[in-house]
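Visitor: Could you have a look at this structure, given as structure tokens, before my questions?
Every read-out reported here was derived from the displayed coordinates using simple, explicitly stated rules and does not represent laboratory data. Remember, it's a predicted structure, so these values are computed and weren't measured experimentally. In this analysis, Cβ positions are derived from the backbone assuming ideal geometry, glycine residues included, and neighbour counts consider all displayed protein chains.
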Amino acid sequence: MALRARLTVWYGTALALILIVFATVLYAVLARGLKDQVDQSLQQAALAAVHALENRFGPFLPFEDFSAQFPELAVVDKFFQIFSPTGNITIASANIKTREIPLSPTALEAAFQGKTTYESARFPGEPPLRLVSVPIIYNGTLVNIVRVGTSLQPVEETLQRLLLVLAVTLPIALLAALAGGWFLAGRALRPVEDITQAAQRISGGDLTQRLHVSPSSDEIGRLAATFNEMIARLETSFRQVRQFSTDASHELRTPLTVMKGETELALRRPRSAEDYRLVLESNLEEIDRMTRIVDELLFLSRADLGEVKMESLPIRLDVLVEDIQRQAALLGQDQGIQVTLGPVEPATIRGDELRIRELLLNLVANAVKYSRPGGKVPISLVSEGNSARLRVTDDGIGIAPEEQPHIFDRFFRTPAARAHAKEGTGLGLSICKWIADAHHGRIEVQSAAGVGSQFTVILPLSTASN
Amino acid sequence: MRVLVIEDEAKVASFIRRALEEESYAVDVCDDGAKGLDLGQNGSYDLIILDLMLPGLPGIEVLKGLRKEKVQTPVLILTARSQVEQKVRGLDAGADDYLTKPFAIEELLARARALFRRGVGEVTGILQVDDLVLNPATREVTRGGQRIELTAKEYALLEYLMRHAGRVLTRPMIVEHVWNMDFDSFTNVIDVYVNYLRNKIDRGRERKLIQTVRGSGYVLRAV
């Protein structure tokens, strides 16, 4: 069942219960009140009669005289009967002359004990009656019993009218309330409907959609705001993924284009063995390039999925730096680029030595790659506070300021880098950044186009070395 | 036919150049967008092959620049991405055709031939002047049904003359369209090649198709 209908049903049920309880209580209280009022008025009339009988006249008096003497007793809606202790009627008021309503045994018995009795009586074809019987006791002996009675019809009629009014108005009120509840639930739920429709459009692939719910701090407003933030994040990450796969396919297409082109060209006509050898060499280069791209992509996607295992062992960075320097010195030999050691202070960090080595080697290899012949690449290591600062500096082609924020993006290569060195996947620095992040460190870059670059890796020192 | 290849991936540019040269086209290669725009505006090319991802100036801007300067040369764009949007943008900016990398070399050459054909308003692609017939697709030349064997340069020269049959072509025009820009145009090599062609096409024939226009150049026409 729809939420709107469910809300309305719950609301209606609760309201109906409340109304029924209210009506029942109202009816009971009113009925009780009205009967009490009748009893009270009967009692007053009876006591007045008793008083008159006791003080002024003898016990036997014709009612005509009696009522002439006491006009206040000749009330139309009440009748009087005076019984002898045997239960026989001795005097009855004019409005009851023709009809005898005998004293009940209970009332008689109570009268002998000096007690007043209230009774209800109903005779077929007549309105219901309310009766009060009061004994008159003189010197310890029951002399007379005064009974005053009245019709309960007005009370019953009032109660019936009340019942009728309740029976008509309660369902009407309930229906009106249900209609109001349905309308209000619909109004309150309309933003939810809007959100659903927007979500459907969004799941249809259009991530530029946003929810247009009036900005408010209520539940729906907060839901919409949260939803919008989530979509914005999704949009960003979708765009990144799309960009990434576009870039990846572009980077893989280039070597494929070269291989396909070279091979097809070679096959167009018979060639010399030397020509075939050149094509195979070219293809091999492209295969190596693709292998490198695929390896690096695989590492990054595994890193994204959190599947790359990282050791956490103490690493002597100073030893590692000296080792890397020896290894990298060979890289620049052909072009006369010198990889040298600057100041190296002892420093120990915790982490995965293979990864840190990869990070450093990547940075040094980059420095060599983007240096000009005869350039210098000093590596240094200093401790500052709680962190180790590893610096790789070069005096190569540098990075323009507007390109610096992008150099860690996947596949990003500056035009200058592309022009300077054809090989390179654009993934190396992304991997470096990932490794630094995984060691709770970071990489800073200072560079000027044409002047050179300085990469600083900042890694937290192992507490054991402090 | 002279072709300008604007492509920054050296190895891609290299095999495209070699393939086109095997078809006897004169080829210039440029690896930078801005330089490519400059060359395209000032050189007389019969076709420009343009990569869209370029340093210096994006390929699409090179294309717009060329069209703005009223350069009518057919342009074939190369895209690394198979996205429709990029092809549409390229075609709307004035490209005549496109290829997605990686592409088949034969397709590139066929598309190049189709674009040359469009330049002279032919339909079949087969060139014919009198009883001299040249088929660019098969590179077959016949005269009066007899097959004529030509060297690559001779073929290129004949193709150029036939595509502009009836028009007087000056020596600089011939140099620009048949040789690439490394060629030293002060030599009399054109006259030498025209003579080679005459020997193979007109020698012993009643109707001489290749005629010298004194002080201007050459013209190929039906007599």
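Visitor: Let me confirm one metric for peptide A:260-268, namely the mean number of other chain beta-carbon atoms within 10 Å of its residues' beta-carbons.
Guide: Mean number of neighbouring Cβ atoms from other chains: 6.
Visitor: Just want to confirm a number: the relative contact order over the range A:219-304, from Cα pairs under 8 angstrom separated by 6+ residues, in percent.
Guide: Normalised by residue count, the contact order of the range A:219-304 is 30 percent.
Visitor: Testing the spin-label approximation: label points 7 Å from Cα along Cα→Cβ at A:Arg357 and B:Asp191. State their distance in nm.
Guide: Distance between label points: 7.2 nm.
Visitor: Determine the principal axes of the Cα atoms in the range A:219-304, then give the extent along each, sorted from largest to smallest and rounded to whole angstroms.
Guide: So the three principal-axis extents are 78, 25, 9 Å.
Visitor: Now for a separate question. Under 5 Å between amide hydrogens, which residues at least 5 positions from B:Val5 or on another chain qualify, with H placed 1.01 Å from N in the peptide plane?
Guide: HN-HN under 5 Å from B:Val5: B:Asp28, B:Val29, B:Cys30, B:Ile49.
Visitor: Additional query: Name the residues whose placed amide hydrogens come within less than 5 Å of the amide hydrogen of A:Leu461, ignoring near sequence neighbours (fewer than 5 apart) on the same chain.
Guide: Correct list: A:Ser387, A:Ala388.
Visitor: What share of Cα pairs, in percent, lie more than 26 angstrom apart in the range A:313-465?
Guide: More than 26 Å apart: 21 percent of the Cα pairs in the range A:313-465.
Visitor: Cα atoms only, the range A:386-466: Rg and Dmax in Å?
Guide: 14.0, 46
Visitor: Now, a different point. Just round it to a whole percent: the fraction of Cα-Cα distances in the range A:276-319 exceeding 11 Å.
Guide: 74 percent
Visitor: Kirkwood Rh over alpha-carbon pairs of the range B:103-223, then Stokes-Einstein at 4 °C and 1.567 mPa s: what D in µm² s⁻¹, rounded to an integer?
Guide: This corresponds to a translational diffusion coefficient of 86 µm²/s.
Visitor: So for chain B, averaging the separation of alpha carbon pairs under 8 Å that are six or more residues apart and normalising by length, what relative contact order in percent results?
Guide: Relative contact order comes out at 17 percent.
Visitor: Another question, if that's okay. Suppose each label sits 7 Å from its Cα in the direction of the beta carbon; what would the A:Gln243-A:Val294 distance come out to in nanometres?
Guide: Modelled inter-label distance: 2.7 nm.
Visitor: As an exercise, use a Förster radius of 30 Å and the Cβ-Cβ distance of A:Lys376 and B:Met181 to find the FRET efficiency, rounded to the nearest 0.05.
Guide: 0.15
Visitor: Could I ask something else about it? Exposure proxy check: B:Arg221, A:Arg187, B:Arg214 ranked by fewest other beta carbons within 10 Å?
Guide: So the residues, fewest neighbours to most, are B:Arg214, A:Arg187, B:Arg221.
Visitor: Counting other Cβ atoms within 10 Å, which trypsin sites (Lys or Arg not before Pro) in the range B:51-88 have at most 11 and lie in a DSSP loop?
Guide: Qualifying residues, ordered by number: B:Lys70.
Visitor: Still on this structure, I have one more. Which residues make up the longest stretch of chain B clear of GluC sites (Glu not before Pro) that lie in a DSSP loop with no more than 15 other Cβ atoms within 10 Å, not counting the sites?
Guide: The answer is B:1-68.
Visitor: PRE reach from A:Glu285 (point 7 Å along Cα→Cβ): which of the range B:15-50 fall under 13 Å by backbone N?
Guide: B:15
Visitor: Considering only DSSP beta bridges where both residues belong to the protein assembly as shown, give the percentage that are antiparallel (nearest 5).
Guide: Beta bridges within the protein assembly as shown, antiparallel portion: roughly 75 percent.
Visitor: How big is the equivalent ellipsoid of the range A:281-389 along its three axes, where each semi-axis is √(5λ) from the Cα gyration tensor, reported in whole Å from largest to smallest?
Guide: Semi-axis lengths for the range A:281-389 are 26, 24, 10 Å.
Visitor: Count neighbours as other Cβ atoms within 10 Å of each site's Cβ, and list the GluC sites (Glu not before Pro) in the range A:292-324 that are DSSP loop with at most 13 such neighbours.
Guide: Hits after loop and neighbour filter: A:Glu307, A:Glu311.
Visitor: Label-point separation (nm) for A:Thr236 and A:Leu256, each offset 7 Å from Cα along Cα-to-Cβ?
Guide: Here the modelled spin labels are 3.2 nm apart.
Visitor: Taking every residue in B:8-14, how many Cβ atoms of other protein chains lie within 10 Å of its Cβ, on average?
Guide: 5
Visitor: First measure r as the distance between the Cβ atoms of A:Glu274 and A:Val445, then evaluate 1/(1 + (r/R0)^6) with R0 = 51 Å and state the FRET efficiency to the nearest 0.05.
Guide: According to the calculation, E is roughly 0.70.
Visitor: Give me the extension gain from A:Val308 to A:Ile18: residue separation times 0.36 nm, minus the current Cα-Cα distance, reported in nm with one decimal.
Guide: 98.0 nm
Visitor: Please identify the trypsin sites (Lys or Arg not before Pro) of the range A:405-466 that satisfy two criteria: DSSP loop assignment and at most 13 other Cβ atoms within 10 Å. Which are they?
Guide: A:Lys422
Visitor: Which longest uninterrupted range of chain B lacks any chymotrypsin sites (Phe, Trp or Tyr not before Pro) assigned by DSSP to a loop state (not H, G, I, E or B) and surrounded by at most 14 other Cβ atoms within 10 Å?
Guide: B:1-182
Visitor: Which value at 222 nm does chain A reach when only helices count, each DSSP H run of 4 or more adding -39,500 (n - 2.57), with the total divided by all residues and rounded to the nearest 500 deg cm²/dmol?
Guide: -19000 deg cm²/dmol
Visitor: Using a Förster distance of 56 angstrom, determine the FRET efficiency expected from the C-beta separation of B:Glu140 and A:Arg210, and round it to 0.05.
Guide: Efficiency, from the Cβ-Cβ distance: 0.30.
Visitor: Next question. Which three numbers, in whole Å and largest first, are the semi-axes of the equivalent ellipsoid of chain B derived from its Cα gyration tensor as √(5λ)?
Guide: After scaling each eigenvalue by five and taking roots: 33, 18, 15 Å.
Visitor: Per-residue ellipticity at 222 nm for chain B, helices alone: DSSP H runs ≥ 4 residues times -39500 (n - 2.57), over residue total, nearest 500 deg cm²/dmol?
Guide: One gets -12500 deg cm²/dmol as the mean residue ellipticity at 222 nm.
Visitor: When the scattering of chain A is computed by the Debye formula from its Cα atoms alone, each counted once and equally, what is log10 I(q)/I(0) at q = 0.13 Å⁻¹?
Guide: -1.17
Visitor: Just want to confirm a number: the relative contact order over chain A, from Cα pairs under 8 angstrom separated by 6+ residues, in percent.
Guide: Value for chain A: 10 percent.
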